[in-house]
Structures are given as structure tokens and as C-alpha cells.
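What follows is one structure encoded as C-alpha cells, with my remarks underneath.
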Amino acid sequence: MTSPPTTREIFFTFLRMTLTAFGGAIGWAHRTVVVDRAWLSEREFAETLSLCQFVPGPNITNFAVAVAARFRGAPGAIAAMVALVVPPMCILIVVGALYERIAGVAAIHGALNGLSAAAAGLLLVMLYSVLRTLVQSRPAVTVPIALASFAAVVSGVLSVPLALIVLGPVSVALAWFRRN
Amino acid sequence: MNAAHAFWPSIIALVTRVAGLGLIAFGGVNSVLPALHHQAVNEQHWMTDRDFANLFALASVSPGPNFMVLTLIGYEAAGVAGAVAATLALCVPTAMLTFAVVKVWDRFKTARWRIALQAGLVPVCVGFVGAAAALLVRASDASLGGYAITAAVAVVGIATKINPLWVFAIAAVAGALGWV
């Protein structure tokens, strides 16, 4: 990357992303920031996202703040947040107002089903990308940990915060001793 | 929601509860969804169980981040002001926290504890991405058509440079026609 994006570029990139982000924003954020704009490498994306999962709150707004703050400080972070949150909030207020009327329409219900199936596919794309990054660095340690956290959450044995508390220290300790 | 005297108490109840849940949502908002459901349906009686499920589906497939189901919950609880209050209460405090954490994080870029923490958190987070993908596939794919759409988006995203939004458009039409 030659020069960091301007606050204006950050604003319009996140605005465009949020308005196309049907079915959840993280998959689209990956596509926008890594594939389309090349602001982050796959590795930087995985690292930034994991930091944002470590901090409480919505991953996507935390992610937007982390990415934009590194490029343009507080103004960049505010621009990213406003672009990301305000337009869909306005759309959802309209959706909320119409909710009683549209909840029963079969065609709308069907279209929503189609869109959420597509959204699941986008998350698989992102999973493929982060897995590829993971396999490149010490897969003998990292892949079993990823599988353990996957299995714990999918099976319902641990909630996400509990999995973080249980597996996080183990994983960090392994990385620490590897360093030594 | 008609009496004027009920307006401020309900906004305050909304903001304190949502902000509190946001600040314990380690790993993302999905980790506090059960608690949010409990507050909205059983404690505060903002909506029925069925409304909650419908609003969640609507937010998932509307443009923008999935956590914006909070906009709809806020709208049900206290109208437009509630929608804005709930949305901001969830993401602004945690965004400020992220901003502070990123500053510290980048200052210790070369510290051994920071490198170990980063390297340790990534695989756990990749497991969460996998779990989110699996849960989303399970929740949204109830038919062969649904699986076909999910697979199509995944293949297009992994193997081609085509914007997956095209598949989303086809998915919406297929859903509206009742094929999903």
C-alpha cells in the first residue's frame, strides 16, 4: 500500500459496504477491506478481527474502528462508525415501522430466506480465507485449537465468552512458550 | 407506548440494559443474544417470543450489521427514539473501548506478551468464525434450494472474482418465488 486511505475514502468505503451487507457485515468487510481495497493482508485481517472479538461489543463496529483508527485516528474511526451504523439504522427504522404489515407477506418472507441462505455462503468464504492463513503458520498447534473452539461453540458446550476464557489462555500460553 | 410519563423511563431502561449487555458481549453480540431475548421478552415485555425471532431474521437479511436487530428491538420498545438509543448504546461505548485498546496494542507492537496474545487469540477466533458459519447454515438452510444458494455463494466467493451480490440478487428472487 502506497499511502493510507483518507477519512473521506474510509467513509465512502464503509458506507458502500454496509449498504451491500445483506446477511451480516463481517463477510462483506473481509471482501471489501482485503479483496477489493487491499487495505489489510489476510493475516492482518485475522489479527485485527481476533482483537475485536477480544474486546466486548459488536465485532463489526469494533473492527471498523480498529481499521480506521490506524489509518486516520479518531476522525477516521468516527467516519467509519457513522458510515457503518447510521444508514442501516435508518433503513431498519422504516422496516420496524412496516413490520406488522410485511411479516405475513409470503414473497417477502421467501426473499428473506433466500438472502439469509446466501449470507451463510459468504461466511463460508471468509472461513476459507482465515483457515488458509491459519494453516500457513504452525498448523500443528493452531488448527487443533481452532477445531476445539469451533466444536465447543457449535455443540453448545461453551458459549463464546466462556470458550474465550477457557481456550484463550491455553492458546496464548502455547504461543508464549513457543516464543521462548 | 402512548403515555408521556412512560417515555423517559423506557428509554433509560433500554439504554442501561443494552449498554450493559454490549460491554459483556465478549466475542460478539451473538454471545449475549440469549440474555437480550430474556430482557426483551420476559423481563421488559417489549415483544413476544415470535416477534423476537421475526425481528432477528429481518435484521439478519437487511443491509447492515446483524447486531442492528437492536435497532428493531429499540423501535418496538420505544419508537424511533428507542431505535436510535438502543443502537448507539450498544456500539458507541464498545467502539470507544476498542479505540483505546488499539492504541495500547499498537504501542506494544514488539512486546513479547503482545505477540503471544495475538498469536494465541487468532486460532480461537477462527473457531468462532467456523461456529458462526455452521450455525447460520443450520438456521437459514431448510431446503435443498437453500443449501444450493449457500454453496453457490461460497464457490463464487472462493474461486472467482465475481461480486457475490449477483448471487444474492438471484437468491432473493428464487426465495420470493418460493424455491428456498
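The values are calculated or read from the model by the stated rules, or taken from the named source; none is laboratory data. In this text, all values refer to a predicted model and were calculated from it rather than measured experimentally. FYI the Cβ positions are ideal-geometry reconstructions off the backbone, even for glycines, and counts take in every protein chain you see. Side chains included, ligands, DNA and RNA excluded: accessible areas come from the protein's heavy atoms. Shrake-Rupley method; radii C 1.70, N 1.55, O 1.52, S 1.80 Å.
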Averaged per residue, what accessible surface does chain A expose to a 1.4 Å probe, in Å²?
43 Å²
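How much of the accessible area of the stretch B:86-180, in percent, comes from carbon and sulfur atoms when a 1.4 Å probe is used?
It is 75 percent, rounded to a whole number.
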Listing of the stretch B:90-110 residues, each with accessible area lower by at least 20 Å² in the full protein assembly than in the chain alone (probe 1.4 Å)
B:Cys91, B:Thr94, B:Ala95, B:Leu97, B:Thr98, B:Phe99, B:Val101, B:Val102, B:Trp105, B:Asp106
Using the Cα centre as the reference, give the magnitude of the dipole from point charges on the C-beta atoms of the protein assembly as shown (Lys, Arg: +1; Asp, Glu: -1; all else neutral), rounded to the nearest 20 debye.
1200 debye
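Please work out the average accessible area per residue across the stretch B:1-55, using the 1.4 Å probe convention, and give it in Å².
On the way: 3080 Å² over 55 residues.
Here the residues of the stretch B:1-55 average 56 Å² of exposed surface.
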Distance histogram for the protein assembly as shown (every C-alpha pair counted, 10 angstrom bins, percent rounded to whole numbers):
6, 25, 35, 25, 8, 1, 0
GNM, chain B, Cα, under 10 Å: largest mean-square fluctuation among B:Phe128, B:Phe168, B:Phe26?
B:Phe168
Averaged over residues of A:71-84, the number of beta carbons from other chains lying within 10 Å of each residue's Cβ is 2
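Quick one: compute the contact order of chain B, relative version, from alpha carbon pairs under 8 angstrom and 6+ residues apart, as a percent.
Values: 123 pairs, mean separation 29.2, N = 180.
Across chain B, relative contact order equals 16 percent.
Can you send over the carbon and sulfur percentage of the accessible area for the stretch A:90-166, probe radius 1.4 Å, protein chains only? Don't jump to the answer; show the numbers that get you there.
Details: 2670 of 3590 Å².
So the carbon and sulfur contribution to the accessible surface is 74 percent.
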Enumerate the calculated ³J(HN,Hα) couplings along the stretch B:108-117 in order (Karplus 6.51 cos²θ - 1.76 cosθ + 1.60, θ = phi - 60°), each rounded to whole Hz, writing x wherever the residue is Gly or Pro.
9, 3, 9, 5, 5, 4, 5, 5, 5, 4
Within 10 Å, count the other beta carbons around each residue, average over each peptide in B:30-37, A:150-157, and list them highest first.
B:30-37, A:150-157
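Taking Cα pairs under 8 Å and at least six residues apart, what relative contact order does chain A come out at, in percent? Walk me through the intermediate numbers first.
On the way: 131 pairs, mean separation 43.6, N = 180.
This gives 24 percent for chain A.
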With 5 Å bins from 0: P(r) over the stretch A:1-95, alpha-carbon pairs, percent
3, 14, 26, 28, 19, 7, 2, 1, 0
A:Phe22's amide H: which non-local residues (gap 5+, or another chain) put their own amide H closer than 5 Å, with H modeled 1.01 Å from N in plane and none for Pro or chain starts?
B:Gly64
Nearest 100 Å², what total accessible surface is buried between chain B and chain A (probe 1.4 Å)?
7900 Å²
Using the Karplus curve 6.51 cos²θ - 1.76 cosθ + 1.60 with θ = phi - 60°, work out ³J(HN,Hα) for each residue of the stretch A:139-156 in order, rounded to whole Hz, and write x for Gly and Pro.
x, 4, 9, 6, 5, x, 5, 4, 5, 5, 5, 4, 5, 4, 7, 5, 6, x
Which value in nm describes the separation of the simple spin-label points at B:Ile170 and B:Leu144, placed 7 Å from the Cα toward the beta carbon?
1.7 nm
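On a full-extension model of 0.36 nm per residue, what is the gain between A:Phe177 and A:Ile102, subtracting their alpha-carbon distance, rounded to one decimal in nm? Don't skip to the end; give the middle numbers.
Values: separation 75, 0.36 × 75 = 27.00 nm, distance 5.63 nm.
In short, 21.4 nm is gained.
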Treat every Asp and Glu Cβ in the stretch A:51-180 as -1 and every Lys and Arg Cβ as +1, leave all other atoms uncharged, and give the resulting dipole magnitude about the Cα centre to the nearest 20 debye.
500 debye
How large, in Å, is the stretch B:67-140 by the Kirkwood hydrodynamic radius built from its alpha-carbon pairs?
15.3 Å
Which length gain, in nm to one decimal place, applies between B:Ile24 and B:Ala53 when the Cα-Cα distance is subtracted from 0.36 nm times their residue separation?
8.2 nm
